[in-house]
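What follows is a single structure, written as structure tokens, with notes after it.
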Amino acid sequence: MPVKNRFAELLPEITEWRRDIHENPEILYDTHRTSALVAEKLKAFGCDEIVTGIGRTGVVGVIKGKSDGSGKVIGLRADMDALPILEATGLPYASKTRGAMHACGHDGHTAMLLGAAKYLSETRNFDGTVVVIFQPAEEGGGGGKEMCDDGMMERFGIQEVYGMHNWPGRPVGSFAIRPGSFFAAADQFDIHVTGKGGHAAKPHETLDTTVIASQIVIALQTIASRNVDPVKQVVVSVTSFETGSKAHNVIPETVHLKGTVRTLDGEVQDLTEARMREIVDLTARAYGGRAEIDYRRGYPVMVNSEEQTAFAAEVASAVSGDCADAPLVMGGEDFAFMLEERPGAYILVGNGDTAMVHHPEYNFNDEAIPAGCSWWAEIVERRMPAA
């Protein structure tokens, strides 16, 4: 396939971009260096329009085809931000910023979309307009929502939008996708338990918040096992248990719990939140204490559109020879906000036998670059064929 051959030629250059971004990770919206690099590359490629500062530090490039008789406008999105993780890869191009690392492959996503933008700017072999979207703050910051709230879809007339994520454990350059609900809604909660502290040798004189909080943790697990339909998915994870004391002989006055809830269905999300509020309040009261929950809705369920998913799978099969059925993923993905605004699809590209994402030894596999770039380019050329 000519596209794949071209990206094989560009691989050393795109790899160099990727490793430079990896070496200089930036977290959330502080992607100033990365955003500047992206804008500089898009300008060098000859993009027709480049806009910075969308969604605070997002970058958008516009590439017009040889003709525009179709009137179609397709958005292609990559994320740019890193994670607050101490890198442990030992690579020559490892992070130079202590405590920040591209542990999710956003460096690879950005580099692949830049590669696709270079190719599309060179060839213009399509009838319509491509909008390349480089987003900050995917890792918990809601950068996709910020870009949408800035009017990106309307401003650039985007009609469909496509995204991609690397996936460790899948063969390098292979693809997987599914229609409908794909990635989970990701909510967060904080629970504050209050009782009566005192000496550990006299528990009868206290209202033991450690016991109360422990009962709450256990009771929350009954939401999945006894409240939600067994064929539906929900994860309630308490990830932190902090007491108001560090002494061995003190029963603490307060306990702070925090964690996350993952669901793939709006009704299950509503049920889970309601049951959590009841369990937290009533369990604490049953033991004579008090507890309050701060429950915050985060990223919504990411839902792939049926038609665009079928098309994306067809393109993936053309690029790599096959496209597998992807499993449901209980992780969150803020591309969900863009898919709420416009129909589109999100696909997984294989990263090979590597450490999992969000692991200090993870590294994006540069061998996946030609397949990823080719998929984006083929999305454009097949969806908007040149007249």
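Given the condition assigned by TED's automatic domain parsing to the domain that holds residue 354, part of a loop (DSSP other than H, G, I, E, B), basic (Lys, Arg) and in contact with a strand residue (DSSP E or B) (Cβ under 6 Å, 6 or more places away or on another chain), answer yes or no: does some residue in segment 163-174 qualify? Checking segment 163-174: at least one residue is assigned by TED's automatic domain parsing to the domain that holds residue 354, part of a loop (DSSP other than H, G, I, E, B), basic (Lys, Arg) and in contact with a strand residue (DSSP E or B) (Cβ under 6 Å, 6 or more places away or on another chain).
Selection of segment 35-50 for residues being buried (at least 17 other Cβ atoms within 10 Å of the Cβ) and touching a residue at least 24 places away in the same chain (Cβ under 8 Å) yields 35, 38, 41, 42, 45, 47.
Of the residues making up segment 60-74, not a single one is closer than 23 Å to residue 139 by Cα, outside any loop (DSSP other than H, G, I, E, B), of a type in the set (Val, Ile, Thr) and more than 22 Å from the chain's Cα centre (by Cα).
Where helices (runs of 4 or more DSSP H) fall entirely within segment 77-156, those with at least 1 residues that are closer than 30 Å to residue 297 by Cβ and more than 20 Å from the chain's Cα centre (by Cα) are at 152-156.
Okay, residues lined up against (1) crowded, with 20+ Cβ neighbours inside 10 Å; (2) of a type in the set (Gly, Ala, Ser):
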site	(1), (2)
7	yes, no
15	no, no
27	yes, no
33	no, no
52	no, no
64	no, no
71	no, yes
80	yes, no
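Inspection of segment 292-299 finds a residue satisfying the criterion of being over 23 Å from residue 11 (Cα atoms), among the hydrophobic types (A, V, I, L, M, F, W, C) and in a strand (DSSP E or B).
None of 294, 281, 353 is more than 26 Å from residue 179 (Cβ to Cβ) and out of contact with any strand residue (DSSP E or B) (no Cβ under 8 Å at 6 or more places or on another chain) except 353. Residue pairs whose Cβ atoms lie under 8 Å apart, sitting 6 or more positions apart in sequence or on different chains, and linking a residue in segment 372-385 that is basic (Lys, Arg) to a partner that is in a helix (DSSP H, G or I), are 382/311; 382/314; 382/315; 382/318; 383/311. Taken over segment 193-220, the criterion of being without any contact (Cβ under 8 Å) to a residue 60 or more places away in the chain, assigned to a loop (DSSP other than H, G, I, E, B) and touching a helix residue (DSSP H, G or I) at 6+ places or on another chain (Cβ under 6 Å) is satisfied by no residue. Flag set for residue 223, criterion: assigned to a helix (DSSP H, G or I) and within 27 Å of the chain's Cα centre (by Cα). Cβ separations smaller than 7 Å between residues 6+ apart or across chains give the following pairs from segment 337-366 residues that are in the same structural domain as residue 169 (by TED's automatic domain parsing) to residues that are part of a strand (DSSP E or B) and charged (D, E, K, R): 338/77; 342/160; 343/160; 344/160. So, in segment 343-360, exactly how many residues are closer than 17 Å to residue 328 by Cα, small (Gly, Ala, Ser) and surrounded by fewer than 24 Cβ atoms within 10 Å (Cβ to Cβ)? Residues in segment 343-360 being closer than 17 Å to residue 328 by Cα, small (Gly, Ala, Ser) and surrounded by fewer than 24 Cβ atoms within 10 Å (Cβ to Cβ): 0 in total. Among residues that are in contact with a Phe, Trp or Tyr (Cβ under 9 Å, 6 or more places away or on another chain) and over 18 Å from residue 186 (Cβ atoms), residue 93 is not included. Under the condition of being at pLDDT below 95 and within 22 Å of residue 147 (Cβ to Cβ), the residues counted in segment 1-29 number 0.
The values are calculated or read from the model by the stated rules, or taken from the named source; none is laboratory data. What you see is a predicted model, and the numbers here were worked out from it, not measured in a lab. Cβ sites come from the backbone with ideal geometry, for glycine too, and all protein chains shown count toward neighbours.
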